[in-house]
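The values are calculated or read from the model by the stated rules, or taken from the named source; none is laboratory data. In this text the structure is predicted, and so the values were computed from the model without any measurement. Here the Cβ positions follow ideal geometry from the backbone for every residue, glycine too, while neighbour counts run over all protein chains shown.
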(Lines give C-alpha, C1' and ligand atoms only; values in the text may rest on other atoms or scores of the structure.)
Protein backbone atom coordinates (compact mmCIF):
# COMPACT_ATOMS: atom_id res chain seq x y z
CA UNK A 1 0.00 0.00 0.00
CA UNK A 2 1.39 3.43 -0.98
CA UNK A 3 2.45 5.79 1.78
CA UNK A 4 0.06 8.49 0.48
CA UNK A 5 -2.87 6.07 0.81
CA UNK A 6 -1.90 5.22 4.37
CA UNK A 7 -1.62 8.89 5.27
CA UNK A 8 -4.98 9.61 3.69
CA UNK A 9 -6.56 6.79 5.69
CA UNK A 10 -5.11 8.13 8.91
CA UNK A 11 -6.37 11.63 8.09
CA UNK A 12 -9.92 10.43 7.46
CA UNK A 13 -9.84 8.40 10.66
CA UNK A 14 -9.90 11.69 12.56
CA UNK A 15 -11.92 13.89 10.19
CA UNK A 16 -14.83 13.72 7.73
CA UNK A 17 -13.54 16.19 5.15
CA UNK A 18 -10.01 17.33 4.21
CA UNK A 19 -9.18 20.67 2.58
CA UNK A 20 -5.99 22.34 1.37
CA UNK A 21 -5.86 26.09 0.77
CA UNK A 22 -3.25 28.29 -0.84
CA UNK A 23 -1.66 31.41 0.58
CA UNK A 24 -4.70 33.48 -0.43
CA UNK A 25 -7.12 31.21 1.39
CA UNK A 26 -8.53 29.63 -1.81
CA UNK A 27 -9.34 25.92 -1.80
CA UNK A 28 -7.03 23.94 -4.06
CA UNK A 29 -8.00 20.48 -2.84
CA UNK A 30 -11.15 19.18 -1.15
CA UNK A 31 -12.25 15.60 -0.50
CA UNK A 32 -14.40 13.60 1.85
CA UNK A 33 -17.95 13.67 3.18
CA UNK A 34 -20.38 16.42 2.21
CA UNK A 35 -22.23 18.36 4.92
CA UNK A 36 -25.49 17.98 2.94
CA UNK A 37 -26.80 17.06 -0.46
CA UNK A 38 -25.54 19.49 -3.12
CA UNK A 39 -22.47 20.47 -1.12
CA UNK A 40 -19.95 17.86 -2.28
CA UNK A 41 -16.52 19.31 -1.40
CA UNK A 42 -14.60 18.29 -4.51
CA UNK A 43 -17.26 19.49 -6.94
CA UNK A 44 -18.47 22.61 -5.13
CA UNK A 45 -15.63 24.00 -3.07
CA UNK A 46 -12.53 23.96 -5.28
CA UNK A 47 -11.50 27.49 -6.25
CA UNK A 48 -13.63 29.15 -3.55
CA UNK A 49 -12.29 31.01 -0.53
CA UNK A 50 -12.51 28.74 2.52
CA UNK A 51 -14.02 31.41 4.77
CA UNK A 52 -16.88 31.94 2.29
CA UNK A 53 -18.28 28.53 3.24
CA UNK A 54 -19.22 29.70 6.71
CA UNK A 55 -21.61 32.19 8.25
CA UNK A 56 -19.99 35.62 8.90
CA UNK A 57 -19.01 35.25 12.55
CA UNK A 58 -17.58 31.76 11.98
CA UNK A 59 -15.76 33.09 8.92
CA UNK A 60 -14.25 35.87 11.01
CA UNK A 61 -12.93 33.48 13.63
CA UNK A 62 -11.56 31.12 10.97
CA UNK A 63 -9.81 34.04 9.22
CA UNK A 64 -8.22 35.06 12.54
CA UNK A 65 -7.05 31.48 13.21
CA UNK A 66 -5.45 31.34 9.75
CA UNK A 67 -3.67 34.62 10.37
CA UNK A 68 -2.26 33.33 13.67
CA UNK A 69 -1.13 29.96 12.25
CA UNK A 70 2.62 29.49 11.87
CA UNK A 71 4.46 26.74 9.93
CA UNK A 72 4.80 23.51 11.86
CA UNK A 73 1.91 24.28 14.22
CA UNK A 74 -1.71 23.19 14.57
CA UNK A 75 -4.60 25.38 15.66
CA UNK A 76 -6.93 24.75 18.56
CA UNK A 77 -10.28 23.19 17.59
CA UNK A 78 -12.73 25.70 16.11
CA UNK A 79 -16.49 25.16 16.34
CA UNK A 80 -18.03 26.77 13.27
CA UNK A 81 -21.34 26.99 11.42
CA UNK A 82 -21.23 25.90 7.80
CA UNK A 83 -23.69 27.94 5.71
CA UNK A 84 -25.99 25.69 3.66
CA UNK A 85 -27.98 28.67 2.36
CA UNK A 86 -31.63 29.64 2.84
CA UNK A 87 -31.16 30.01 6.60
CA UNK A 88 -29.84 26.47 7.07
CA UNK A 89 -26.57 25.54 8.76
CA UNK A 90 -24.55 22.60 10.00
CA UNK A 91 -22.14 22.57 12.90
CA UNK A 92 -18.56 21.57 12.16
CA UNK A 93 -15.37 21.32 14.19
CA UNK A 94 -12.22 22.31 12.30
CA UNK A 95 -8.49 22.18 12.90
CA UNK A 96 -5.77 23.85 10.85
CA UNK A 97 -2.21 22.67 10.26
CA UNK A 98 0.64 24.31 8.42
CA UNK A 99 3.21 21.82 7.09
CA UNK A 100 6.48 23.77 6.69
CA UNK A 101 7.41 22.26 3.29
CA UNK A 102 3.96 23.18 1.90
CA UNK A 103 3.86 26.73 3.27
CA UNK A 104 2.12 29.04 2.58
CA UNK A 105 -0.43 26.30 1.81
CA UNK A 106 -2.42 25.09 4.82
CA UNK A 107 -4.36 21.91 5.63
CA UNK A 108 -7.81 21.94 7.23
CA UNK A 109 -9.62 18.94 8.78
CA UNK A 110 -13.40 19.18 9.22
CA UNK A 111 -15.59 16.96 11.42
CA UNK A 112 -19.34 17.41 10.92
CA UNK A 113 -21.49 17.49 14.04
CA UNK A 114 -25.21 16.90 14.38
CA UNK A 115 -27.63 17.26 11.50
CA UNK A 116 -28.33 20.29 9.30
CA UNK A 117 -30.72 22.70 10.95
CA UNK A 118 -32.72 25.72 9.93
CA UNK A 119 -33.27 28.98 11.73
CA UNK A 120 -36.33 29.72 9.66
CA UNK A 121 -39.48 29.98 11.85
CA UNK A 122 -41.29 26.89 10.64
CA UNK A 123 -42.12 25.05 13.85
CA UNK A 124 -40.75 25.56 17.32
CA UNK A 125 -38.03 23.06 18.19
CA UNK A 126 -39.14 21.88 21.65
CA UNK A 127 -36.68 22.40 24.44
CA UNK A 128 -36.30 19.51 26.86
CA UNK A 129 -37.52 19.71 30.44
CA UNK A 130 -35.02 19.99 33.29
CA UNK A 131 -35.77 16.38 34.24
CA UNK A 132 -34.98 15.27 30.68
CA UNK A 133 -31.81 17.37 30.76
CA UNK A 134 -30.69 15.53 33.90
CA UNK A 135 -31.53 12.15 32.35
CA UNK A 136 -29.46 13.02 29.29
CA UNK A 137 -26.64 14.20 31.54
CA UNK A 138 -26.68 10.85 33.34
CA UNK A 139 -26.54 8.95 30.06
CA UNK A 140 -23.73 11.08 28.66
CA UNK A 141 -21.67 10.90 31.86
CA UNK A 142 -21.91 7.11 31.66
CA UNK A 143 -20.20 7.13 28.27
CA UNK A 144 -17.71 9.95 28.65
CA UNK A 145 -15.67 10.32 25.45
CA UNK A 146 -12.43 12.15 24.72
CA UNK A 147 -14.21 15.50 24.66
CA UNK A 148 -15.36 16.85 28.03
CA UNK A 149 -19.05 17.18 28.76
CA UNK A 150 -19.91 20.74 29.74
CA UNK A 151 -23.06 22.42 30.99
CA UNK A 152 -23.47 25.80 29.31
CA UNK A 153 -25.55 28.52 30.96
CA UNK A 154 -26.87 30.99 28.42
CA UNK A 155 -28.50 34.28 29.38
CA UNK A 156 -30.05 35.90 26.31
CA UNK A 157 -30.23 39.66 26.65
CA UNK A 158 -32.47 41.88 24.58
CA UNK A 159 -35.58 39.71 24.49
CA UNK A 160 -37.45 42.31 26.54
CA UNK A 161 -37.06 44.77 23.65
CA UNK A 162 -39.09 42.56 21.31
CA UNK A 163 -42.84 41.99 21.48
CA UNK A 164 -45.82 40.40 19.76
CA UNK A 165 -45.46 38.08 16.79
CA UNK A 166 -41.82 39.01 16.31
CA UNK A 167 -41.02 37.81 19.83
CA UNK A 168 -42.67 34.46 19.15
CA UNK A 169 -40.75 34.11 15.88
CA UNK A 170 -37.54 35.10 17.64
CA UNK A 171 -38.07 32.49 20.36
CA UNK A 172 -38.83 29.82 17.77
CA UNK A 173 -35.55 30.53 16.01
CA UNK A 174 -33.70 30.85 19.29
CA UNK A 175 -34.89 27.45 20.51
CA UNK A 176 -33.89 25.87 17.22
CA UNK A 177 -30.46 27.50 17.41
CA UNK A 178 -29.82 26.40 21.00
CA UNK A 179 -30.85 22.84 20.27
CA UNK A 180 -28.64 22.78 17.19
CA UNK A 181 -25.49 23.51 19.19
CA UNK A 182 -26.35 21.13 22.04
CA UNK A 183 -25.23 17.52 22.28
CA UNK A 184 -27.18 15.40 19.76
CA UNK A 185 -29.32 18.46 19.00
CA UNK A 186 -31.66 17.51 21.84
CA UNK A 187 -30.20 18.74 25.11
CA UNK A 188 -31.12 22.41 25.51
CA UNK A 189 -33.52 23.43 28.28
CA UNK A 190 -35.20 26.62 29.45
CA UNK A 191 -34.38 27.49 33.06
CA UNK A 192 -36.21 30.72 33.83
CA UNK A 193 -36.82 34.06 32.15
CA UNK A 194 -34.08 34.59 29.59
CA UNK A 195 -31.85 31.84 31.03
CA UNK A 196 -31.18 28.53 29.30
CA UNK A 197 -28.92 25.55 29.89
CA UNK A 198 -27.55 23.10 27.36
CA UNK A 199 -25.09 20.25 27.25
CA UNK A 200 -21.99 20.68 25.08
CA UNK A 201 -19.01 18.59 24.11
CA UNK A 202 -16.51 21.43 24.22
CA UNK A 203 -15.49 24.25 26.52
CA UNK A 204 -15.67 26.96 23.84
CA UNK A 205 -18.97 28.82 23.77
CA UNK A 206 -18.32 30.50 20.42
CA UNK A 207 -20.61 28.18 18.46
CA UNK A 208 -23.47 29.06 20.82
CA UNK A 209 -22.69 32.74 20.47
CA UNK A 210 -22.59 32.44 16.68
CA UNK A 211 -25.93 30.62 16.54
CA UNK A 212 -27.62 33.33 18.62
CA UNK A 213 -25.97 36.05 16.53
CA UNK A 214 -27.45 34.47 13.40
CA UNK A 215 -30.90 34.49 14.97
CA UNK A 216 -30.52 38.16 15.81
CA UNK A 217 -29.33 38.99 12.29
CA UNK A 218 -32.24 37.17 10.68
CA UNK A 219 -34.71 39.05 12.87
CA UNK A 220 -32.90 42.37 12.69
CA UNK A 221 -32.87 42.76 16.49
CA UNK A 222 -30.18 43.55 19.02
CA UNK A 223 -29.93 40.28 20.92
CA UNK A 224 -26.80 38.89 22.53
CA UNK A 225 -25.86 36.21 25.02
CA UNK A 226 -23.75 35.80 28.12
CA UNK A 227 -22.41 32.24 28.04
CA UNK A 228 -20.81 30.48 31.02
CA UNK A 229 -19.72 26.85 30.93
CA UNK A 230 -18.90 24.29 33.64
CA UNK A 231 -17.14 21.02 32.89
CA UNK A 232 -18.99 18.03 34.31
CA UNK A 233 -17.28 14.99 35.76
CA UNK A 234 -19.05 11.74 36.70
CA UNK A 235 -17.00 11.41 39.88
CA UNK A 236 -16.75 8.14 41.78
CA UNK A 237 -20.51 7.75 42.24
CA UNK A 238 -22.22 8.86 39.03
CA UNK A 239 -25.77 8.75 40.41
CA UNK A 240 -24.81 10.72 43.51
CA UNK A 241 -23.02 13.28 41.35
CA UNK A 242 -26.06 13.58 39.12
CA UNK A 243 -28.37 14.17 42.09
CA UNK A 244 -25.97 16.82 43.36
CA UNK A 245 -25.98 18.46 39.92
CA UNK A 246 -29.77 18.54 39.87
CA UNK A 247 -29.80 20.13 43.31
CA UNK A 248 -27.17 22.69 42.31
CA UNK A 249 -29.16 23.59 39.19
CA UNK A 250 -32.35 24.02 41.21
CA UNK A 251 -30.51 26.23 43.72
CA UNK A 252 -29.27 28.44 40.87
CA UNK A 253 -32.80 28.86 39.56
CA UNK A 254 -34.47 29.29 42.96
CA UNK A 255 -31.99 31.96 44.03
CA UNK A 256 -32.09 33.74 40.69
CA UNK A 257 -28.31 33.33 40.56
CA UNK A 258 -28.02 33.91 36.82
CA UNK A 259 -25.44 36.71 37.04
CA UNK A 260 -22.66 34.19 37.70
CA UNK A 261 -24.44 30.86 37.10
CA UNK A 262 -21.26 28.93 36.42
CA UNK A 263 -19.70 30.02 39.72
CA UNK A 264 -22.92 29.50 41.69
CA UNK A 265 -23.47 26.09 40.12
CA UNK A 266 -19.88 24.93 40.67
CA UNK A 267 -19.78 26.17 44.28
CA UNK A 268 -23.17 24.64 45.07
CA UNK A 269 -22.18 21.37 43.41
CA UNK A 270 -18.91 21.12 45.34
CA UNK A 271 -20.63 22.01 48.62
CA UNK A 272 -23.42 19.50 47.98
CA UNK A 273 -20.98 16.67 47.26
CA UNK A 274 -19.20 17.39 50.56
CA UNK A 275 -22.55 17.45 52.39
CA UNK A 276 -23.55 14.15 50.79
CA UNK A 277 -20.34 12.51 51.95
CA UNK A 278 -20.74 13.93 55.47
CA UNK A 279 -24.35 12.77 55.68
CA UNK A 280 -23.47 9.24 54.57
CA UNK A 281 -20.65 9.11 57.13
CA UNK A 282 -22.99 10.34 59.89
CA UNK A 283 -25.64 7.74 59.07
CA UNK A 284 -23.11 4.92 58.82
CA UNK A 285 -21.64 5.87 62.21
CA UNK A 286 -25.14 6.45 63.68
CA UNK A 287 -23.70 9.75 64.84
CA UNK A 288 -26.95 11.46 65.76
CA UNK A 289 -29.42 11.25 68.63
CA UNK A 290 -33.17 10.90 68.99
CA UNK A 291 -35.23 13.10 71.29
CA UNK A 292 -38.78 12.21 72.20
CA UNK A 293 -41.72 14.62 72.31
CA UNK A 294 -45.04 13.59 73.90
CA UNK A 295 -48.25 13.44 71.88
CA UNK A 296 -51.18 13.79 74.26
CA UNK A 297 -54.83 12.74 74.28
CA UNK A 298 -56.65 16.08 74.37
CA UNK A 299 -59.64 14.72 76.31
CA UNK A 300 -57.73 13.00 79.09
CA UNK A 301 -54.44 14.85 79.00
CA UNK A 302 -52.64 11.49 79.08
CA UNK A 303 -49.58 10.81 76.95
CA UNK A 304 -50.69 8.74 73.98
CA UNK A 305 -47.29 8.17 72.40
CA UNK A 306 -44.01 9.97 71.61
CA UNK A 307 -42.55 11.21 68.35
CA UNK A 308 -38.85 10.42 67.84
CA UNK A 309 -37.11 13.53 66.47
CA UNK A 310 -33.55 13.45 65.13
CA UNK A 311 -30.89 15.73 66.61
CA UNK A 312 -27.88 16.06 64.31
CA UNK A 313 -24.52 17.30 65.66
CA UNK A 314 -23.63 20.78 64.46
CA UNK A 315 -27.17 21.62 63.34
CA UNK A 316 -29.48 24.02 65.17
CA UNK A 317 -32.35 22.08 63.61
CA UNK A 318 -32.31 18.96 61.45
CA UNK A 319 -34.92 20.18 58.96
CA UNK A 320 -32.57 21.57 56.29
CA UNK A 321 -30.25 18.55 56.51
CA UNK A 322 -33.16 16.13 56.18
CA UNK A 323 -34.68 18.09 53.29
CA UNK A 324 -31.33 17.95 51.49
CA UNK A 325 -31.12 14.21 52.14
CA UNK A 326 -34.61 13.78 50.66
CA UNK A 327 -33.64 15.85 47.63
CA UNK A 328 -30.48 13.80 47.11
CA UNK A 329 -32.20 10.43 47.66
CA UNK A 330 -30.12 9.67 50.76
CA UNK A 331 -33.04 9.59 53.17
CA UNK A 332 -33.88 5.87 53.11
CA UNK A 333 -30.80 4.77 55.07
CA UNK A 334 -31.34 7.62 57.55
CA UNK A 335 -35.01 6.67 58.08
CA UNK A 336 -33.99 3.09 58.79
CA UNK A 337 -31.37 4.10 61.37
CA UNK A 338 -33.97 6.37 63.06
CA UNK A 339 -36.32 3.37 63.31
CA UNK A 340 -33.46 1.20 64.60
CA UNK A 341 -32.59 3.71 67.34
CA UNK A 342 -36.22 4.11 68.36
CA UNK A 343 -36.65 0.35 68.59
CA UNK A 344 -33.54 0.08 70.75
CA UNK A 345 -35.04 2.66 73.12
CA UNK A 346 -38.39 0.84 73.21
CA UNK A 347 -36.61 -2.39 74.18
CA UNK A 348 -34.93 -0.79 77.19
CA UNK A 349 -36.17 -1.86 80.66
CA UNK A 350 -39.07 0.30 81.81
CA UNK A 351 -40.28 1.17 78.33
CA UNK A 352 -42.26 -1.98 77.59
CA UNK A 353 -45.52 -0.04 77.13
CA UNK A 354 -44.07 3.03 75.43
CA UNK A 355 -45.38 3.83 71.98
CA UNK A 356 -43.22 5.76 69.53
CA UNK A 357 -43.76 7.33 66.11
CA UNK A 358 -40.88 7.71 63.63
CA UNK A 359 -40.79 9.72 60.44
CA UNK A 360 -40.43 8.01 57.09
CA UNK A 361 -40.03 10.05 53.96
CA UNK A 362 -42.25 9.30 50.98
CA UNK A 363 -38.98 8.77 49.11
CA UNK A 364 -38.17 5.82 51.37
CA UNK A 365 -41.47 4.22 50.36
CA UNK A 366 -40.73 4.50 46.63
CA UNK A 367 -39.30 0.97 46.68
CA UNK A 368 -39.76 -2.14 48.84
CA UNK A 369 -36.36 -1.74 50.52
CA UNK A 370 -37.44 0.30 53.57
CA UNK A 371 -40.43 -1.87 54.41
CA UNK A 372 -38.46 -5.09 54.03
CA UNK A 373 -35.65 -3.76 56.25
CA UNK A 374 -38.14 -2.62 58.91
CA UNK A 375 -39.78 -6.04 58.90
CA UNK A 376 -36.37 -7.64 59.46
CA UNK A 377 -35.57 -5.21 62.30
CA UNK A 378 -38.76 -6.20 64.11
CA UNK A 379 -38.90 -9.87 63.08
CA UNK A 380 -38.32 -11.08 66.66
CA UNK A 381 -40.32 -8.33 68.36
CA UNK A 382 -43.98 -8.59 67.41
CA UNK A 383 -44.99 -6.24 70.21
CA UNK A 384 -42.73 -3.52 68.75
CA UNK A 385 -44.77 -3.53 65.56
CA UNK A 386 -47.88 -2.81 67.61
CA UNK A 387 -46.12 0.02 69.49
CA UNK A 388 -44.27 1.67 66.59
CA UNK A 389 -46.10 3.99 64.20
CA UNK A 390 -44.87 5.63 61.01
CA UNK A 391 -45.42 9.27 60.06
CA UNK A 392 -45.14 9.62 56.30
CA UNK A 393 -43.54 12.95 55.40
CA UNK A 394 -43.16 14.80 52.07
CA UNK A 395 -46.29 13.12 50.73
CA UNK A 396 -46.50 15.70 47.93
CA UNK A 397 -43.53 13.93 46.30
CA UNK A 398 -45.31 10.57 46.02
CA UNK A 399 -45.32 9.60 42.33
CA UNK A 400 -46.49 5.99 42.59
CA UNK A 401 -49.60 5.98 44.77
CA UNK A 402 -50.56 2.33 44.05
CA UNK A 403 -47.03 1.16 44.91
CA UNK A 404 -46.93 3.25 48.08
CA UNK A 405 -50.37 1.93 49.12
CA UNK A 406 -49.18 -1.65 48.62
CA UNK A 407 -46.13 -1.07 50.82
CA UNK A 408 -48.09 0.71 53.55
CA UNK A 409 -50.77 -2.00 53.50
CA UNK A 410 -48.15 -4.66 54.18
CA UNK A 411 -46.73 -2.65 57.09
CA UNK A 412 -50.19 -2.05 58.57
CA UNK A 413 -51.00 -5.73 58.20
CA UNK A 414 -47.85 -6.49 60.21
CA UNK A 415 -49.13 -4.26 63.04
CA UNK A 416 -47.59 -0.83 62.38
CA UNK A 417 -49.84 2.25 62.51
CA UNK A 418 -49.45 4.83 59.72
CA UNK A 419 -50.11 8.58 59.86
CA UNK A 420 -49.83 11.19 57.11
CA UNK A 421 -47.72 14.12 58.31
CA UNK A 422 -48.33 17.83 57.61
CA UNK A 423 -51.83 17.12 56.38
CA UNK A 424 -53.58 20.02 54.68
CA UNK A 425 -50.51 21.33 52.81
CA UNK A 426 -51.58 21.29 49.17
CA UNK A 427 -54.57 19.77 47.45
CA UNK A 428 -52.70 16.46 47.10
CA UNK A 429 -53.26 15.71 50.80
CA UNK A 430 -56.93 14.95 50.21
CA UNK A 431 -56.20 12.94 47.08
CA UNK A 432 -53.79 10.81 49.12
CA UNK A 433 -56.58 9.89 51.52
CA UNK A 434 -58.46 8.55 48.53
CA UNK A 435 -55.58 6.26 47.55
CA UNK A 436 -53.73 5.46 50.77
CA UNK A 437 -55.19 3.49 53.68
CA UNK A 438 -53.82 4.96 56.91
CA UNK A 439 -54.71 5.23 60.58
CA UNK A 440 -54.59 8.98 61.05
CA UNK A 441 -53.39 12.39 59.93
CA UNK A 442 -51.30 15.11 61.56
CA UNK A 443 -52.77 18.54 60.91
CA UNK A 444 -50.16 20.97 59.68
CA UNK A 445 -48.95 23.28 62.45
CA UNK A 446 -49.51 26.41 60.37
CA UNK A 447 -53.27 25.72 60.38
CA UNK A 448 -53.20 25.08 64.09
CA UNK A 449 -51.32 28.28 64.92
CA UNK A 450 -53.64 30.42 62.77
CA UNK A 451 -56.79 28.90 64.20
CA UNK A 452 -56.74 31.13 67.30
CA UNK A 453 -57.19 34.29 65.21
CA UNK A 454 -58.51 33.03 61.88
CA UNK A 455 -62.12 31.85 61.38
CA UNK A 456 -61.24 30.20 58.07
CA UNK A 457 -58.54 28.05 59.66
CA UNK A 458 -60.93 26.97 62.41
CA UNK A 459 -63.55 26.05 59.83
CA UNK A 460 -61.05 24.07 57.78
CA UNK A 461 -59.88 22.12 60.83
CA UNK A 462 -63.47 21.43 61.90
CA UNK A 463 -64.40 20.04 58.48
CA UNK A 464 -61.15 18.06 58.31
CA UNK A 465 -61.93 16.47 61.68
CA UNK A 466 -65.46 15.61 60.54
CA UNK A 467 -64.12 14.04 57.35
CA UNK A 468 -61.52 12.01 59.27
CA UNK A 469 -64.19 10.90 61.72
CA UNK A 470 -66.21 9.52 58.85
CA UNK A 471 -63.12 7.61 57.69
CA UNK A 472 -62.35 6.37 61.23
CA UNK A 473 -59.02 8.22 61.29
CA UNK A 474 -57.22 9.73 64.30
CA UNK A 475 -56.34 13.43 64.09
CA UNK A 476 -53.24 15.01 65.64
CA UNK A 477 -52.74 18.77 65.96
CA UNK A 478 -49.12 19.89 65.63
CA UNK A 479 -47.55 22.96 67.27
CA UNK A 480 -49.89 23.15 70.25
CA UNK A 481 -47.85 25.74 72.13
CA UNK A 482 -50.39 27.11 74.64
CA UNK A 483 -53.30 25.92 76.73
CA UNK A 484 -55.58 28.17 74.65
CA UNK A 485 -54.63 26.30 71.48
CA UNK A 486 -55.03 22.94 73.22
CA UNK A 487 -58.55 23.85 74.40
CA UNK A 488 -59.49 25.07 70.91
CA UNK A 489 -58.27 21.86 69.25
CA UNK A 490 -60.27 19.83 71.78
CA UNK A 491 -63.34 21.95 71.05
CA UNK A 492 -62.90 21.38 67.29
CA UNK A 493 -62.85 17.63 67.85
CA UNK A 494 -59.14 16.90 67.33
CA UNK A 495 -58.05 13.72 69.14
CA UNK A 496 -54.37 14.29 69.95
CA UNK A 497 -52.06 17.26 70.41
CA UNK A 498 -48.32 17.79 70.15
CA UNK A 499 -46.33 20.88 71.08
CA UNK A 500 -44.37 22.67 73.76
CA UNK A 501 -47.48 23.06 75.90
CA UNK A 502 -47.23 19.34 76.61
CA UNK A 503 -43.45 19.09 76.62
CA UNK A 504 -40.30 19.69 74.63
CA UNK A 505 -38.35 16.84 73.01
CA UNK A 506 -36.05 15.11 75.50
CA UNK A 507 -33.35 12.42 75.19
CA UNK A 508 -35.62 9.69 76.65
CA UNK A 509 -39.39 9.33 76.68
CA UNK A 510 -40.63 10.66 80.05
CA UNK A 511 -44.02 9.51 81.16
CA UNK A 512 -44.64 12.21 83.76
CA UNK A 513 -46.00 15.22 81.93
CA UNK A 514 -47.96 18.40 82.65
CA UNK A 515 -51.46 17.68 81.43
CA UNK A 516 -54.60 19.59 80.62
CA UNK A 517 -56.35 20.89 83.73
CA UNK A 518 -59.39 18.86 82.78
CA UNK A 519 -57.62 15.53 83.13
CA UNK A 520 -58.92 13.17 85.74
CA UNK A 521 -56.57 10.36 84.90
CA UNK A 522 -53.22 9.59 86.46
CA UNK A 523 -50.45 11.68 84.93
CA UNK A 524 -47.77 9.61 83.27
CA UNK A 525 -50.12 6.89 82.08
CA UNK A 526 -49.76 5.81 78.48
CA UNK A 527 -52.85 4.98 76.48
CA UNK A 528 -53.26 2.33 73.83
CA UNK A 529 -53.51 3.38 70.18
CA UNK A 530 -57.31 3.21 70.45
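For region 313-327, the set of residues classified as crowded, with 21+ Cβ neighbours inside 10 Å and in contact with a helix residue (DSSP H, G or I) (Cβ under 6 Å, 6 or more places away or on another chain) consists of 325 only. Take the conditions surrounded by 22 or more Cβ atoms within 10 Å (Cβ to Cβ) and either at pLDDT below 85 or within 24 Å of residue 113 (Cβ to Cβ) (or both) and apply them to residue 198. Does it pass? So residue 198 fits the description; yes. Summed over region 411-440, residues that are closer than 20 Å to residue 373 by Cα, touching a helix residue (DSSP H, G or I) at 6+ places or on another chain (Cβ under 6 Å) and exposed (fewer than 14 other Cβ atoms within 10 Å of the Cβ) total 0.
Which helices (runs of 4 or more DSSP H) sit wholly inside region 441-505 and have at least 3 residues that are out of contact with any helix residue (DSSP H, G or I) (no Cβ under 6 Å at 6 or more places or on another chain) and modelled with pLDDT under 95? Where helices (runs of 4 or more DSSP H) fall fully within region 441-505 and carry at least 3 residues being out of contact with any helix residue (DSSP H, G or I) (no Cβ under 6 Å at 6 or more places or on another chain) and modelled with pLDDT under 95, they are 445-450, 455-470.
Return the only residue of 221, 251 being assigned to a helix (DSSP H, G or I), surrounded by fewer than 20 Cβ atoms within 10 Å (Cβ to Cβ) and not assigned by TED's automatic domain parsing to the domain that holds residue 93. Break it down into steps so the answer makes sense when it comes.
Numbers: 221 fails: assigned to a helix (DSSP H, G or I).
Only one candidate qualifies: 251.
Against the test of being farther than 23 Å from residue 328 by Cα and buried (at least 16 other Cβ atoms within 10 Å of the Cβ), the options 244, 211, 240 yield a single qualifying residue, 211.
Taken over region 325-360, the criterion of being outside any loop (DSSP other than H, G, I, E, B), touching a strand residue (DSSP E or B) at 6+ places or on another chain (Cβ under 7 Å) and at pLDDT below 95 is satisfied by 326, 331.
Quick one: is residue 429 without any contact (Cβ under 8 Å) to a residue 60 or more places away in the chain and within 15 Å of residue 333 (Cα to Cα)? Outline the logic, then answer.
Working: without any contact (Cβ under 8 Å) to a residue 60 or more places away in the chain: yes; within 15 Å of residue 333 (Cα to Cα): no.
No: the conditions fail for residue 429.
Collect the residues in region 65-115 that are in a loop (DSSP other than H, G, I, E, B) and over 18 Å from residue 49 (Cα atoms), keeping them in residue-number order. It would help to see each step written out before you state the result.
We begin by selecting, within region 65-115, every residue in a loop (DSSP other than H, G, I, E, B); these are 69-73, 75-77, 86-87, 98-99, 103-105.
If the condition is that a residue be in a loop (DSSP other than H, G, I, E, B) and over 18 Å from residue 49 (Cα atoms), then 70, 71, 72, 73, 75, 76, 77, 86, 87, 99 are the ones that fit.
Determine which member of the set 371, 403, 363, 382 is touching a residue at least 12 places away in the same chain (Cβ under 8 Å) and loosely packed, with under 13 Cβ neighbours inside 10 Å.
Values: 371 fails: loosely packed, with under 13 Cβ neighbours inside 10 Å; 403 fails: loosely packed, with under 13 Cβ neighbours inside 10 Å; 363 fails: loosely packed, with under 13 Cβ neighbours inside 10 Å.
The conditions single out 382.
Quick one: in region 268-301, of everything that is part of a loop (DSSP other than H, G, I, E, B) and surrounded by 22 or more Cβ atoms within 10 Å (Cβ to Cβ), which residue is modelled with the lowest pLDDT? Here the answer is 301.
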